[in-house]
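**Student:** One structure, as structure tokens, below. Some questions next.
The values are calculated or read from the model by the stated rules, or taken from the named source; none is laboratory data. Please read these numbers as outputs of a predicted model, since none were measured by experiment. Quick reminder, even Gly has a Cβ in these numbers, built from the backbone with ideal geometry, and neighbours come from all protein chains shown.
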């Protein structure tokens, strides 16, 4: 076989990586080889592809092993002409999102971070949608809660007037006037609350007579009987106890109305409608209790006033007896004077 300079150079370049000086060759034990290959920092360094480590002639020989399909693909990409598309170039076309995979398409629409909150708000609006409630019932029901709300706000204002009275006078009225108005509001609020509670129970009698959802008999009649019974009992209680009892009565009747709506005894909108009314009345009761809790100690409550009136009656009787005893003593003294003059 003939050899020339070029063939010797090619063979020398192929054999070059394997030729090492004998002095630099050190045999290592299997344990040291394991540590060097897998445990050292050298194994963690980025490595170049196997083709890139070869010399040009070695790479040319290794590339002869590629298939015909791969060679055609290389030829296609080598002769492919890249067309300019300036319309697709923008300030963000050469970047990719930080929180996404590399080489993925940039989202054309920004992610709405408030989407979950908006969905929850929409659910609440849909739940409490009152569009199905008849406008007449809705407006008249809200108007019916205004007297209860007015007495509640008035109680808080009068309590503030009494607490901030300076030398017997508050912002708009005297302390005595504020106390008298406060005592006047107490039976008004309790009486009106009892009327509302009785009315809500009577609604079920009307539904039973109309046969809405079928005739339920004693079950639905009982609702209309228990509600006014509870409302009537609050008229005999002290103020704070009456307010708390009416609050429990409104909440309990709301639960009954919700169950009746689910069973089909009432219209579908009645449960949400009752929630709005119960919330307003319940909030008014809570505000009234808070306002009365801020009253000073010298303002008598309902029970205390009864004791005061009782003591006042006893004192008046005692005072009349004292006056009669004094008059008797004066008459006796006048008679004794007359006897002395006669002598």
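**Student:** Specify which of the listed residues (165, 178, 227, 231) is surrounded by 15 or more Cβ atoms within 10 Å (Cβ to Cβ), in contact with a strand residue (DSSP E or B) (Cβ under 9 Å, 6 or more places away or on another chain), free of Cβ contacts under 8 Å to residues at least 40 places away in the same chain and more than 16 Å from residue 287 (Cβ to Cβ).
**Tutor:** Exactly one of 165, 178, 227, 231 is surrounded by 15 or more Cβ atoms within 10 Å (Cβ to Cβ), in contact with a strand residue (DSSP E or B) (Cβ under 9 Å, 6 or more places away or on another chain), free of Cβ contacts under 8 Å to residues at least 40 places away in the same chain and more than 16 Å from residue 287 (Cβ to Cβ), namely 165.
**Student:** Given the structure, is residue 157 surrounded by 10 or more Cβ atoms within 10 Å (Cβ to Cβ), assigned by TED's automatic domain parsing to the domain that holds residue 285, modelled with pLDDT under 80 and on the phi < 0 side of the Ramachandran plot?
**Tutor:** no
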